[in-house]
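Okay, so here's the structure we're looking at.
The values are calculated or read from the model by the stated rules, or taken from the named source; none is laboratory data. Values in this document were obtained by computation on a predicted structure and should not be read as measured data. Here Cβ is always computed from backbone atoms with ideal geometry, including for glycine, and neighbour counts include all displayed protein chains.
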Amino acid sequence: MCCTPLLTHESEVGVAKGRPGPLGFYLASGWLLVCVFTAFFGDFFPLPKWDEYDYDNLGLPLFSDGHLLGTDYDGSDVLSGLVHGARTSLGISFTAVFIGSVIGGLLGIVAAYRRGWVDSVVTMYFNVSLAIPTIVLTLVMVALFATPNVDDPSSGWPRELVLIISLTLVIIPILGRLARGSALSWSGRDFVLVAESIGMKKRSILRTHIIPNVLPSMMSVAFLAAGVVIVIEGGLAILGVGANPGASWGSMLAKNRGELAITPHTTLVPAGVIGLTVMALNYFGDYFRLRIDDRESRI
Amino acid sequence: MTNSTVSHLRDDREILLRVENLVVEYTTKAGTVRAVSDVSLDVAAGETVAIVGESGCGKSTLAKGVMQLIPTVSGKVLLNGNDLASLKGEELRRARPNIQMIFQDSISSLDPHLRVRELVEQPLKVWGRGTDEERRAKVDDLLRSVNLDPSIVGDRKPTEFSGGQCQRISIARALSIEPQLLVCDEPVSSLDVSIQAQILNIIQAMKIRYGLSLLFISHDLAVVRAISDCVYVMYLGKVCEVAPPERLASSPAHHYTHALVSAVPIPDPTVGRRRAILEGEPPSPTNPPSGCRFRTRCPAATEKCAAEEPQLREVSPGQFVACHHPRG
Amino acid sequence: MSALFELENLRVQFDTKRGKLHAVRGVTLHIAAGECLGIVGESGSGKTVMWRAAMGLLRGKKVHRSGSVRLLGRELLPMSAKEVRHFWGTEIAMVFQDPMTALNPVRRIGSQFSEALVKRLRMDKAAANERVVELLRLVRMPEPEKLVRKYPLQLSGGMRQRVMIAMAIACNPKLLLADEPTTALDVTVQAQVLELLSDLREKLGMGMVIVTHDLGIVAGHSDRIAVLYAGEVVELATTRSLFARTKMPYTEALLKSIPRLDGKRGETLQAIEGAPPDPVAQTAACFFAPRCRYATEKCRTEHPELLDDGTGHWYRCFYPLKAPAQ
């Protein structure tokens, strides 16, 4: 009986260089857990409300009494702002990426497996959407949906919702093209032909063989995309179409950038938080990519 | 080299598979290629029929065409009298359990994220054969019959195994629903020399155990000689000779077959052979020569060969050749 | 006959995650001028690692080479990559399984060639171009003048292989090393290429080494054959002697397991069960013992040395086969 698993020296001599060590894993996941925890339970923290203006304590520096990270120019506490911002920034980013991935992924995979007119239509949709600049799209959507009427200040959709929708629309073609490419490559593999020859239905083949193999590469990009969306939101905030000022990390940046010379920490601290979060997300993206590369190199 | 007459097909024996005038085309930038050009063959119950040829002759395309995994332009593929080429969708799907296939790249034939047991069990699940218990027992039995220990390999993934082991798993999987015909597309070509023999022996053993018929595609004449009852030689999409293997090796009638046979290296330095070394390169498949396709490289070509395409005709019992001036 | 190329006790090890991987465990071979040596082995036998390490193609912190490799008396192992490259093309040339490793897909064939000639042999461009056409004619390419303007991907596999051979012999090397030169080719093309190699060898008086897994190829084209298993030479003899008086059970088993065109039909192939040993594992036994039908206790506890039977037929076995093998 010859059952010893494969032992080729090529796969062993090629040691994976640059594989992130376990320390990075713990740091990244630790940070993300903190962020997610804060997003959920931030309300229970014993902090002043994020939009409470403490007019007696404008522009306090770091480590002041009662305001651990200081306050910005209108008295809002920086730490509370970060806590609340976690919910907004992560909420927008994760929701947009998740929904975008699901829709884009489904479209891409079905297009790749079906080919023919379905593929042409979906690809055309992807290409057109990718051609629309994010900023223009968001501006238009905010103007159409999130701007209150002159006579009714509370009308219009909440900013955050509009942002989620427009960012989802941006993510769909990105993840969709990736999914399509990956599904195309997997569809060409012999084992898919084998599945057909056994007599599996096309739907079963998609479900059992194609989707589970495409998912890992999508996950890797999804993590990276989440980081990018957080940064994009910041950019949009600076243009005035992000979340309401101070409500998210990006809009904290936007709100306080004018005060960079006077109270630099009100800009730098949110920027630092964004940076750390994006790094942690990128770390996971890389981690999944390496695991996939590892596996695919053996095939 | 046309087979529009199907004179070499048999009516007297219990014929399991009968392919008539099969044509398979695909389009490339350079034009339409007729990879399989009017090919007919048959496989009797319990028989091993081999298709040999070099790259570009269309043998793999023929295998996929017979399996209806790629669309065929015209022709019939009669399995137990049922024409697979005329079936579509669900009807075709239902016909599949009777004819299974093993591919050349054994590792790529297995889904890397599934475990061995799940892979071998798949056909049984698709066709709802047996309960969970029964299926598990059958899978274990199948693995044992291909010399793999189910307790060791069952829960592992294909990437942990060598080419030879993956091929065994593929064989186990193909046989789980007990097809009547097994199509083997170059099953041992990418395996190491000493592993080839192991896999060939397993295929032979399975053939006996399950009463299979085999359609065996290969470029290796020596392999084909060892296991087949009847050999078809293909060149540029057409069948040029059909014969039992000993006859093919000892007195090939077609000039291409002769060149092929004399080119095969024999591990014996004392065998001195007259090498018929072919001149030139194979012609482009998009623009094959008129008349006999082999005439551009054939030492015996005449004007007739350019004008008229030769048909398969019997030159000795069981040996058919498509040539105007066959050898011997 | 002075030895053209010598390997003495060559050992190659790799550092891997699982420990030291012994790819080549002390190989000693020599090739005389003008002779053809066939090196036969399966994957994992070390046949490719052996000569690549000898030629200095395998380097790095994780590669350990020891022993001696001499080309016309000069030691190659201690040389740097640059120094060894000096010999490539002029003394020793290589032909690989995949011609695209030697051919640049974005350059025309003529210019790839002539560059080598201009640099190596200090020819002027015109003379180099003429020589290129001459060489292509030597390897029996049709219409060589037109060919020099083509790109490698416009040619078929067999033609590319011949171009690679032409490039290899361009600077008149004394030794041609061919690593699985025909494995990727069709059988009829293989026959053409092998015939060409034999022909060139005679015409140019080159020595040749053919590394392959195919015993059929070496039977027809080499003077002597070395059989490798698990990184060692297990049998070394003249071609006739190897087939007529096989001594190693491995060689015998290999011969019995190969399907042959001249074999009897219905004769079952006798497969060698099991698999080659793990190159990381160290053992004091004979490496083939677990798969050998003649193995005894001694074979499982001691490692046999390579011995000569007096006629230049070397074998590594405690119980070499006596009767002529079939």
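For beta carbons closer than 7 Å, sequence separation of 6+ or different chains, a first residue in region C:89-105 that is over 26 Å from C:GLU6 (Cβ atoms) and a second that is part of a loop (DSSP other than H, G, I, E, B) and modelled with pLDDT of 85 or more, the qualifying pairs are C:PRO105/C:TYR151.
Has region B:140-161 got any residue that is on the phi < 0 side of the Ramachandran plot, part of a helix (DSSP H, G or I) and among the small types (Gly, Ala, Ser)? Within region B:140-161, one or more residues are on the phi < 0 side of the Ramachandran plot, part of a helix (DSSP H, G or I) and among the small types (Gly, Ala, Ser). With respect to the conditions (1) closer than 28 Å to B:GLN165 by Cα; (2) touching a Lys or Arg at 6+ places or on another chain (Cβ under 6 Å); (3) in a loop (DSSP other than H, G, I, E, B), C:PRO320 falls short on a single one, namely (1).
In this structure, B:ARG297 does not satisfy being within 21 Å of the chain's Cα centre (by Cα) and basic (Lys, Arg).
The set of residues in region B:181-202 that are among the β-branched types (Val, Ile, Thr) and either away from every other protein chain (no Cβ under 11 Å) or not in a helix (DSSP H, G or I) (or both) comprises B:VAL183, B:VAL188.
Scanning region C:8-55 for residues being in a strand (DSSP E or B) and at positive phi gives a total of 3.
Filtering B:GLU118, B:GLU178 for residues that are away from chain C (no Cβ under 12 Å), assigned to a helix (DSSP H, G or I) and acidic (Asp, Glu) leaves a single hit, B:GLU118.
State yes or no: is B:GLY237 surrounded by fewer than 23 Cβ atoms within 10 Å (Cβ to Cβ) and touching a Gly at 6+ places or on another chain (Cβ under 8 Å)? If you could, list the steps in order and put the result at the bottom.
On the way: surrounded by fewer than 23 Cβ atoms within 10 Å (Cβ to Cβ): no; touching a Gly at 6+ places or on another chain (Cβ under 8 Å): yes.
Spelling it out, it is not the case that B:GLY237 is surrounded by fewer than 23 Cβ atoms within 10 Å (Cβ to Cβ) and touching a Gly at 6+ places or on another chain (Cβ under 8 Å).
Under the condition of being facing another protein chain (nearest Cβ under 8 Å) and touching a Cys at 6+ places or on another chain (Cβ under 7 Å), the residues counted in region B:72-108 number 1.
B:ARG129 meets all of the listed conditions (1) of a type outside the set (A, V, I, L, M, F, W, C); (2) more than 7 Å from every other protein chain (Cβ to nearest Cβ); (3) part of a helix (DSSP H, G or I); (4) more than 21 Å from B:VAL66 (Cβ to Cβ) but one, namely (3).
Considering only residues that are out of contact with any Asp or Glu (no Cβ under 9 Å at 6 or more places or on another chain) and closer than 18 Å to C:PHE243 by Cα, which ones fall in region C:40-51? Full working, then the answer.
Of region C:40-51, the ones out of contact with any Asp or Glu (no Cβ under 9 Å at 6 or more places or on another chain) are C:41, C:49-50.
Once the filter is applied, which keeps residues that are out of contact with any Asp or Glu (no Cβ under 9 Å at 6 or more places or on another chain) and closer than 18 Å to C:PHE243 by Cα, region C:40-51 yields only C:GLY41.
Taking region A:107-223 as the region of interest, the helices (runs of 4 or more DSSP H) fully inside it that hold 2 or more residues being closer than 22 Å to B:LYS64 by Cα are A:159-187, A:190-198, A:202-205.
Condition first: more than 9 Å from every other protein chain (Cβ to nearest Cβ) and either free of Cβ contacts under 8 Å to residues at least 12 places away in the same chain or closer than 29 Å to B:HIS219 by Cβ (or both). Now tell me which residues in region C:206-221 satisfy that. Once the filter is applied, which keeps residues that are more than 9 Å from every other protein chain (Cβ to nearest Cβ) and either free of Cβ contacts under 8 Å to residues at least 12 places away in the same chain or closer than 29 Å to B:HIS219 by Cβ (or both), region C:206-221 yields C:MET208, C:VAL209, C:ILE210, C:VAL211, C:THR212. Among the conditions (1) in contact (Cβ under 8 Å) with a residue 60 or more places away in the chain; (2) surrounded by fewer than 22 Cβ atoms within 10 Å (Cβ to Cβ), the only one that C:GLU195 does not satisfy is (1).
Okay, residues lined up against (1) assigned to a loop (DSSP other than H, G, I, E, B); (2) over 28 Å from the mean Cα position of the chain (by Cα):
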site	(1), (2)
A:LYS49	yes, no
A:TYR53	yes, yes
A:LEU58	yes, yes
A:LEU69	yes, no
A:GLY81	no, no
A:ALA86	no, no
A:SER89	no, no
A:SER93	no, no
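Of the residues making up region C:13-68, those that are without any contact (Cβ under 8 Å) to a residue 12 or more places away in the chain and at the interface with chain A (Cβ under 10 Å from one of its Cβ atoms) are C:LYS17, C:GLY60.
Hey, among C:GLY89, C:GLY67, which residue is modelled with pLDDT under 90, at positive phi and assigned by TED's automatic domain parsing to the domain that holds C:SER198? Break it down stepwise before answering.
Numbers: C:GLY67 fails: modelled with pLDDT under 90.
Answer to the selection: C:GLY89.
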